[in-house]
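K.L.:
Before I ask anything, let me first share the structure, which is written out below as structure tokens.
Every number here is computed from the coordinates shown, using simple stated rules; none is lab data. All values reported here derive from a predicted model rather than from experimental measurement. Glycine gets a Cβ as well: all are built from the backbone with ideal geometry, and neighbour counts include every protein chain shown.
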Amino acid sequence: MNWSWDHAYAVLPQLLKGLVITIEATIVASLIAYVLGLAIAILKMSKSKSMRVSLYWITEFIRRTPILVQLYVVFYVLPDFGIFLEAFTCGVIVLGVHFSTYTSEVFRAGIDNVSKGQWEAAKSLNYNPYQAWKYVILPQAIPPMIPPLANYLITMFKETPLLAFITVVELFRAADQYSNSYYTYLEPMTLVGVFFLLVSIPSAMIAMKLEKKFKPIKVAR
Amino acid sequence: MNNIIQFENVSKSFGDLKVLNKLNLEVKDGEKLALIGPSGSGKTTILRILMTLETIDDGFVSVNGEYLWHEKNNGKIIPASENHLHKMRNHIGMVFQQFNLFPHLTAIENVEQPQILIKKRTKPEAKEKAEELFNLVGLNDKKDHYPHELSGGQQQRVAIARALAMEPKIMLFDEVTSALDPELVDEVLTVLRKLASDTDTTMLTVTHEMNFAREFADRVLFFDGGQIVESGKPENIFSNPAEKRTKEFLKKFINNVN
């Protein structure tokens, strides 16, 4: 089999369109994963035991089942119950919810790292819980969370080809469509790999830089 | 003078451990109190109950003429709501053993932020107040430093300024020099002595610094087993304790120190 530059050039416009969809999906899914993950982390610290237990089992269930199966259930099974979602919407929700179970652990660890004394100081100054979270706890908890959250962003980016299975024409499916039409996999799939590397290697380097920058805040004794 | 703080038959347990056993205590407005006694005798718990960091199991606590952990609703006494506690906390400030400064804020921001958020002061008002207090605690040249750039003694003085900025009627000092290196203890105690002589704020301090307690306090309370064993003027307690347990504690303490 020989590399054909003709195929490579011909597939390029479709691939670029696919790349845009891939990046959009990554951004929307990661926003869902971050916001929902933070909410789960905070709710898991709730005083209500039934809340904590049910969240534990829900997150375990989501984390221990394959994303592909979740995609199929939401996209192909939910319509039977009258719930219709667009493929893209469905894909980013499933991806975002799946990864929120991981990001919630990052948030929880970051919040746990802020000492109990900080809560007590905030309370002694009469901060209400909202003010304590906003002005005392989160500003300390978030910086050390940024590197692991950036790593999950890269992982989510690499998982987006799964959306191809529910008809989203992202980078991988764009290449696959071309391959099916012209019976050549070499050029489209090689280029897909190159595009993924071009995005994920610089991102990983940024994540490493962040890791150095956001060391946990020092507390002198 | 009125009692600004009153404990009536207050009990508190942690699991099986009874830290306060039907405690009765009255503190007059403006009084400076030193609480001494062995570890686990319930001294710190008293401060933490007043700061609403610990609940009580039984009895009543009053602050400034109102129940702290209860409120009246249609003539009935019910457990305090978060709103009630929020209102009551305005009367009280606390300084902790571990300083608990906010590490992401500079020293002066630590003192300004609570004023802006809680006292609804403007930024310039908060800054003016903070600078006045940095003068008082002798840290004017350190106000733009972050907590981790300050020594323990300096951090603790910032923490004192932060609590004072809220202008509480009652200040609680929980072993504020216990986490400090010995050479840094004095700079903090000096500030406390100055506060004690210059202000009419009611002060309760839990301390193991007996010499300091003697100078600082109008009244010394000796705690053991969740109860007040002995209370009186410092010169009486330290020079001529009436109770055997007090004598033993003071003797042991002085031996340990020397």
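K.L.:
Which helices of chain A meet both criteria: a Cα extent of 27 Å or more along the helical axis and a mean Kyte-Doolittle score no lower than 0.0, with helices taken as whole DSSP H segments?
P.N.:
Membrane-span-like by this rule: A:5-44, A:87-112, A:138-159, A:186-213.
K.L.:
Give me the percent of DSSP beta bridges within the protein assembly as shown that run antiparallel, rounded to the nearest 5.
P.N.:
The antiparallel fraction comes to roughly 60 percent.
K.L.:
Taking R0 as 60 Å, what FRET efficiency do you get between B:S231 and A:T65 from their Cβ-Cβ distance, rounded to the nearest 0.05?
P.N.:
Efficiency computed from Cβ-Cβ geometry: 0.40.
K.L.:
Order by neighbour count: B:H70, B:H84, fewest other Cβ atoms within 10 Å first, most last.
P.N.:
Ordered by Cβ neighbours within 10 Å, fewest first: B:H70, B:H84.
K.L.:
Something else now. Which lysines have a Cα lying under 26 Å from the Cα of B:K76, excluding residues fewer than 8 positions away in the same chain?
P.N.:
Once the sequence-local lysines are set aside, what remains near B:K76 is B:K12, B:K22, B:K87.
K.L.:
Could you list A:M208, B:M94 in order of exposure, starting from the residue whose Cβ has the fewest other Cβ atoms within 10 Å?
P.N.:
A:M208, B:M94
K.L.:
Say the dipole of the protein assembly as shown comes from +1 at the beta carbon of Lys and Arg and -1 at that of Asp and Glu; which of A:F196, A:F172, A:Y127 then lies farthest toward its positive end?
P.N.:
Result: A:Y127.
K.L.:
Moving to a separate point now. Okay, helix-only estimate at 222 nm for chain B: each DSSP H run of n ≥ 4 adds -39500 (n - 2.57), divide by all residues, round to 500 deg cm²/dmol; what do you get?
P.N.:
-12000 deg cm²/dmol
K.L.:
Determine, from the Cβ-Cβ distance of A:R52 and A:D6 and an R0 of 60 Å, the FRET efficiency 1/(1 + (r/R0)^6), rounded to the nearest 0.05.
P.N.:
0.50
K.L.:
Around B:E31, which amide H atoms from residues at least 5 apart in sequence, or from another chain, sit under 5 Å from its own amide H, with H modelled in the peptide plane?
P.N.:
Here B:M203 satisfy the definition.
K.L.:
Can I ask one more? Give me A:T89, B:T177 ranked fewest to most by other Cβ atoms within 10 Å of their Cβ, as a rough exposure proxy.
P.N.:
Result, fewest neighbours first: A:T89, B:T177.
K.L.:
Measuring from a point 7 Å past the Cα of B:N3 along Cα-to-C-beta, which residues in region B:14-48 have an amide N at less than 13 Å?
P.N.:
Once the point is set 7 Å along Cα→Cβ of B:N3, B:23-29 turn out to lie under 13 Å by backbone N, inside region B:14-48.
K.L.:
With +1 on each Lys and Arg Cβ and -1 on each Asp and Glu Cβ, how big is the dipole of the protein assembly as shown about its Cα centre, in debye rounded to the nearest 20?
P.N.:
Using Cβ point charges on Lys, Arg, Asp and Glu, the protein assembly as shown gives about 460 debye.
K.L.:
Using the Karplus curve 6.51 cos²θ - 1.76 cosθ + 1.60 with θ = phi - 60°, what ³J(HN,Hα) values do you get for each residue of region B:2-18, in whole Hz, with x for Gly and Pro?
P.N.:
Whole-Hz 3J(HN,Hα) from phi for region B:2-18: 7, 7, 8, 10, 9, 10, 10, 6, 7, 10, 8, 10, 10, x, 7, 8, 8.
K.L.:
Now for a separate question. When we measure straight from the Cα of B:K32, which lysines land under 18 angstrom away, once same-chain ones fewer than 8 places off are left out?
P.N.:
B:K43, B:K169, B:K194, B:K233
K.L.:
With the cut-off at 24 Å, tell me which of the pairs A:K116/B:K129; A:K44/B:K120; A:K123/B:K127; A:K116/B:K120 have Cα atoms farther apart than that.
P.N.:
A:K116/B:K129; A:K44/B:K120; A:K116/B:K120
K.L.:
Another question, if that's okay. Quick check on chain A: helices-only [θ] at 222 nm, where DSSP H runs of length 4 and up contribute -39,500 (n - 2.57) each and the sum goes over total residues. Nearest 500, please.
P.N.:
Calculated from helices alone, the mean residue ellipticity at 222 nm is -24500 deg cm²/dmol.
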